[in-house]
Every structure is written in C-alpha cells, then in structure tokens.
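Written out below as structure tokens is the structure these notes cover.
The values are calculated or read from the model by the stated rules, or taken from the named source; none is laboratory data. These numbers come from a predicted model, not from an experiment. For neighbour counting, all protein chains shown are included, and Cβ atoms are generated from backbone atoms with ideal geometry for every residue, glycine included.
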Amino acid sequence: MSNSIINLQTAENQQILTIKPPKTGLSLQGTLKIPGDKSISHRALMLGAIAQGQTTIEGLLLGEDPRSTAECFRAMGAEISPLNSQKVTVQGIGLGKLQEPLDVLNAGNSGTTIRLMLGLLASHRDRFFSVTGDASLRSRPMSRVIKPLQQMGAQIWGRNNNSLAPLAIQGQPLKPIHYQSPIASAQVKSCILLAGLMTEGKTTVTEPALSRDHSERMLQAFGATLEIDSKTNSVTIIGGSTLTGQTVIVPGDISSAAFWLVAASIVPGSELLIENVGINPTRIGVLEALEMMGADIALENKRLVTGEPVADLRVKSCQLKGCTLEGDIIPRLIDEVPILAVAAIFAEGTTIIKDAAELRVKESDRLAVIASELNKMGAKITELPDGLEITGGTGLKGAEVDSYTDHRIAMSLAIASLNAQGKTTIHRAEAAAISYPEFVETLQQFRGSL
Ligand code: S3P
C-alpha cells in the first residue's frame with residue numbers, strides 16, 4: 001500500500017497519509033470512476049426500507065455514512081443485503097411499519113441519516129426511538145429539524161434544550177404545516193417531507209434558495225404525490241401515498257469528482273476523464289464556480305439515469321483566476337468549498353466566498369479548519385464570519401496538517417499536497433472513508449504520472 005510518493009500508515013488508531021510530489025514533471029492522466037452519490041445513496045436506502053416490495057440499488061456508495069443509514073433501518077426491521085457489492089437489495093416493510101428498535105440508533109458521522117430519519121421516526125405512532133451519533137454529529141445543531149417537527153406536533157427530547165443528540169422520540173400522528181425554512185438545507189427540507197409522507201393533508205416547505213432536490217425526485221419515483229413551485233422554492237407533499245420499491249441507479253458523486261476536477265485543473269499538464277458523474281442542476285455549483293475561474297471542463301455523453309442527469313467530465317489543467325462566490329450558488333456548492341479553496345490558492349487574484357456560514361456546522365467548522373490547515377502550508381486565507389478570502393498565487397509548501405475527522409477536509413488537503421513543495425503529512429486521513437473509501441487507492445493509481 002505504500003510507495004515513496006504517497007504513503008498511508010496506521011498508528012495509534014488513526015491513518016497518516018504522507019504525500020511528497022516530485023519537484024518537476026507532475027501530471028495526472030487517465031480515466032476515473034468515482035463512488036456513488038452520498039445523498040442519493042442515503043435516500044435510496046431509506047425510501048427502499050419504507051416502500052412496499054423490493055428496491056434494487058446499483059452503484060450505492062459503500063462509504064461509512066450509508067452504512068450508518070443501513071444499520072439504523074436494519075434495526076427497525078428492513079432487510080438490507082450486505083453493503084459489500086455495489087448492487088444492494090432492500091426488502092421494504094411498508095409505510096408506517098418501522099419497528100421500535102431494541103437499542104439506540106447510531107447515525108455515526110452522518111447528518112443526513114439523523115436529520116432525514118427524524119422526520120420518519122417522529123411520525124411513527126406508538127413507537128419510541130432514541131438516536132445518537134459520533135462526537136462530531138453530537139455537536140451539530142438538530143434544532144433546525146426539531147423545531148419544525150415540533151410545530152407538526154412531534155415529541156422529541158434532546159440535550160442542550162432539545163438541540164443536540166442523543167435524542168429521544170415518541171412517535172405519533174402529526175399535523176401538516178407550511179414551514180418557511182430560514183436556511184437552504186436539503187436535510188431540513190427532506191426531514192419535513194418525510195414527516196409529511198404519513199401526515200394527513202398537505203405539508204409544505206419553502207426555502208430561501210433551492211437546495212439539492214434528490215428527495216423530491218426519488219419520492220416521486222417511488223410513488224409519492226408532490227407539488228413543486230419553483231418560483232417560490234416550495235415543495236408540498238400530500239400525505240398518505242403508498243411507496244413502491246424501485247430500481248435506483250446511483251450516479252457518481254459530483255462532490256467526490258470535485259477533488260479530481262480541481263487536482264487536474266491545478267496540476268500542470270493534466271487531463272482526466274471522470275465517468276458517470278451526477279450533474280443534477282442543484283449540485284453543479286462547483287462546475288459553475290470552476291467555469292467562473294476559467295477552468296477547462298467539458299461535459300460529455302449527457303444522459304438521464306433513473307431520474308437524475310449524468311455526464312462524463314473531461315478536465316484539463318489551466319491557469320485559474322479568482323472569483324467571488326456568494327448568494328444562491330452557495331447551496332449548490334456547499335460541500336465543495338474546501339476543495340474550491342484549494343483551487344483558489346493556485347488562481348490569479350483573490351477569491352471571496354460569502355454567505356457560507358453553514359460551513360461552520362458541517363462535520364467540522366470548515367471555515368476555521370480550511371483556513372488553519374491550508375495556512376500551515378503557506379496559503380493566505382482569511383476567515384470571514386460567513387466565508388473566506390483567499391489570496392491566489394501564494395503556492396504551497398508541505399506541512400503537518402489534520403483532517404479534524406472531516407472527510408472533505410482530509411481529501412482537500414491531499415489534493416493541495418499534490419501541488420505543494422515538499423512533504424505533507426495528513427493526520428486522521430481515515431475520515432475520507434465517510435464518502436470516498438477508495439480515495440487513497442485512486443490517488444496511488446496516479447503515482448506513475450506523479
Ligand atoms: C445533504 C445536504 C447538505 C450537504 C450534505 C448532504 C443531503 O446539508 O451538506 O453533505 O444529502 O441532504 P444541508 O442540508 O445541511 O445543507
């Protein structure tokens with residue numbers, strides 16, 4: 001597993017990734033397949049579990065987060081085949097039939113698992129559930145979903161004045177609401193829609209900007225009735241539909257492709273073809289941002305796969321320029337800010353990212369961690385209350401850095417290291433397995449070209 005350029009070691013319960021690119025002649029070449037989309041994988045497992053009949057999922061992400069979802073739903077009676085092949089089957093138990101689990105449900109590191117699942121649990125009458133997660137998840141705000149669920153009549157208790165996991169839920173019939181969400185969050189929207197599934201009447205969520213719409217697409221594919229008003233960013237679910245098991249083909253995750261899009265853009269002489277990438281319009285902010293920065297990316301072989309648009313992405317290295325990212329684009333690239341910050345270091349001019357305070361409550365405080373770790377490598381990044389200011393053209397030098405157990409930080413630091421002078425050591429690199437278990441292996445594939 002080791003070579004002189006990219007080396008992974010396990011020590012004291014953590015993985016340490018070291019990367020030392022050669023002084024000259026770096027280039028990334030070839031064709032890549034990336035793992036399945038994390039958001040779609042969670043939703044396919046959840047809807048499969050509550051549908052009637054069998055759901056077959058092809059291309060499921062075999063990362064730690066979907067494993068947490070699968071474990072939770074197995075504990076509530078769904079039969080889910082082992083997550084060791086990309087084809088997974090789920091024997092659904094039908095709407096309203098989740099069983100009371102014998103023990104605490106553990107969502108691990110996954111905000112999507114706990115927040116979406118809460119909508120389902122709160123509306124399961126006469127069942128008691130308790131839910132927890134790892135240290136990161138237990139520090140992340142849950143009131144954003146608990147408050148609207150309480151407005152629907154849900155009974156939920158948690159630490160810190162009902163705002164933090166572990167949570168206890170006494171399921172009961174809920175009443176429909178129209179919720180004006182203060183944040184553009186697909187987790188909040190999806191939680192309420194899932195609660196509305198079993199609630200008589202119309203449950204509506206309006207969000208300030210459109211967040212990813214995978215729940216809407218998949219709920220409709222499974223047979224739920226939704227009304228979508230794109231002018232007001234509102235979605236309504238009509239309670240009482242029956243969901244029927246489906247075949248879901250999960251496209252590659254654009255959030256994982258983003259690491260290679262940036263790597264090939266900044267490492268001179270590179271050209272990569274990244275196959276089978278989901279290009280849902282609510283997710284392509286990273287492509288829009290890289291286009292603004294002057295990146296050379298072509299979308300080839302565009303197609304629709306089980307309701308989600310997909311393409312192959314060809315990316316060639318080129319000189320990037322700084323840009324400003326703010327407003328409605330932010331929810332469309334929310335998970336890609338760490339890797340876009342790396343791109344900005346190698347761009348000409350300054351890049352400003354605003355309206356991204358949400359990043360402070362992700363798997364880590366991403367604004368603080370991006371600034372601190374990349375600055376250790378010689379970047380000039382200033383943390384703003386709701387974003388970052390990145391001075392381009394500083395270059396990077398190898399340093400000792402930490403992922404803060406955040407998968408996207410671990411991978412962004414690894415890509416930054418490819419273009420740094422000298423050796424970088426990334427602590428707690430195992431975090432990458434949350435969304436991209438094959439990340440280091442893929443990186444090592446490039447050692448020939450490095
Ligand atoms: C997700 C929504 C986003 C995103 C997360 C996955 C989802 O979170 O950051 O990685 O699958 O719904 P928010 O909804 O909290 O913005």
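Within the stretch 274-296, the residues that satisfy the criterion of being in a strand (DSSP E or B) and within 22 Å of the chain's Cα centre (by Cα) are I274, E275, N276, V277, G278. Being in a strand (DSSP E or B), surrounded by fewer than 18 Cβ atoms within 10 Å (Cβ to Cβ) and not assigned by TED's automatic domain parsing to the domain that holds L193 narrows it down to one residue among T31, T56, T18, T89; which is it? The unique qualifying residue is T31.
Among the residues of the stretch 319-331, the ones that are touching a residue at least 40 places away in the same chain (Cβ under 8 Å) and either among the polar types (S, T, N, Q) or on the phi > 0 side of the Ramachandran plot (or both) come to 1 in all. Return the residue satisfying two criteria in turn: it lies in the stretch 200-255 and is of a type in the set (K, R) and within 16 Å of the ligand (Cβ to nearest atom), and of such residues it is surrounded by the fewest Cβ atoms within 10 Å (Cβ to Cβ). Per the stated criteria, the residue is R217.
Quick check on the stretch 195-220: of everything there that is part of a loop (DSSP other than H, G, I, E, B) and in contact (Cβ under 8 Å) with a residue 40 or more places away in the chain, which residue is nearest to the chain's Cα centre (by Cα)? Going through the qualifying residues, I end up with R212. Which of the numbered conditions does G223 fail, given that it passes all the others? Conditions: (1) out of contact with any helix residue (DSSP H, G or I) (no Cβ under 7 Å at 6 or more places or on another chain); (2) part of a loop (DSSP other than H, G, I, E, B); (3) under 16 Å from S181 (Cα atoms). Going through the list (1) out of contact with any helix residue (DSSP H, G or I) (no Cβ under 7 Å at 6 or more places or on another chain); (2) part of a loop (DSSP other than H, G, I, E, B); (3) under 16 Å from S181 (Cα atoms), G223 breaks only (3).
Within the stretch 222-238, does at least one residue satisfy the condition of being touching a Leu at 6+ places or on another chain (Cβ under 8 Å), of a type in the set (G, A, S), touching a residue at least 12 places away in the same chain (Cβ under 8 Å) and under 24 Å from S110 (Cα atoms)? No, the stretch 222-238 contains no residue that is touching a Leu at 6+ places or on another chain (Cβ under 8 Å), of a type in the set (G, A, S), touching a residue at least 12 places away in the same chain (Cβ under 8 Å) and under 24 Å from S110 (Cα atoms).
Just give me the residues in the stretch 388-422 being among the hydroxyl-bearing types (S, T, Y), in contact (Cβ under 8 Å) with a residue 40 or more places away in the chain and either out of contact with any strand residue (DSSP E or B) (no Cβ under 7 Å at 6 or more places or on another chain) or crowded, with 24+ Cβ neighbours inside 10 Å (or both), in sequence order. Answer for the stretch 388-422, where residues must be among the hydroxyl-bearing types (S, T, Y), in contact (Cβ under 8 Å) with a residue 40 or more places away in the chain and either out of contact with any strand residue (DSSP E or B) (no Cβ under 7 Å at 6 or more places or on another chain) or crowded, with 24+ Cβ neighbours inside 10 Å (or both): Y404, T405, S412, S417.
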